[in-house]
Amino acid sequence: QVQLVESGGGLVSAGGSLRLSCIFSGSIFRFATMGWYRQAPGKQRDLVARITFGGGPNYADSVKGRFTISRDSAKNTVYLQMNSLKPEDTAVYYCNSAPVPRDYWGQGTQVTVSS
């Protein structure tokens, strides 16, 4: 069964930190490069970070130096540590395979950064 469950979002002041988690299931994700995407109101969903099965990370310029992606393959979990948050980071965050996501999406987790 394919499932993506994101958690860890919330309301934080600018400069604060949050750690997102995504538990994934399904053989299609087991060895896949996984990514974190975000979608702000009225905007397209963008990939902000991805990590290979072997642990190699890649980041969008907008989050480089502030966000850190990691994964625990034994737990089928991918994390996103977000530091120095800015109001423009406000969005719903989703995980999926990357850079090409599957058609299945979880419910996402809302991150709101107040100025």
Sequence-distant residues sharing a close amide H with Asn96 (under 5 Å, placed H): Gly35, Tyr37
Thr112-Ile28 FRET efficiency (beta carbon distance; Förster radius 35 Å; 0.05 resolution): 0.70
Within-9-Å neighbourhood charge of Tyr79 [Cβ basis; K, R +1; D, E -1]: +1
Accessible surface, per residue, of the chain when the full set of protein chains is kept, probe 1.4 Å, Å²: 51 Å²
Relative contact order (%) - criterion: Cα under 8 Å, at least six apart; region: the chain: 37 percent
Cut-off 14 Å between beta-carbons: net charge of the residues surrounding Gly54, Lys and Arg +1, Asp and Glu -1: +2
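Answer rounded, prolate or oblate for the range 50-94, using the Cα gyration tensor with square roots of eigenvalues a ≥ b ≥ c: rounded when a/c is under 1.5, else prolate when a/b is larger than b/c, else oblate.
Cα axes put the range 50-94 in the prolate bin.
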DSSP bridge orientation in the chain - percent antiparallel, rounded to nearest 5: 90 percent
Cleavage-rule hits, chymotrypsin sites (Phe, Trp or Tyr not before Pro), the range 34-115, DSSP coil, Cβ neighbours within 10 Å at most 16: Phe53, Tyr104, Trp105
Förster radius 25 Å - calculated FRET efficiency between Ala40 and Val2 (Cβ-Cβ, nearest 0.05): 0.45
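The values are calculated or read from the model by the stated rules, or taken from the named source; none is laboratory data. Because the structure is predicted, anything quoted here is derived from the model rather than measured. Note that each Cβ is placed from the backbone with ideal geometry, even for glycine, and that neighbours are counted across all protein chains shown. Accessible surface areas use protein heavy atoms only, side chains included; no ligands, DNA or RNA. Shrake-Rupley method; radii C 1.70, N 1.55, O 1.52, S 1.80 Å.
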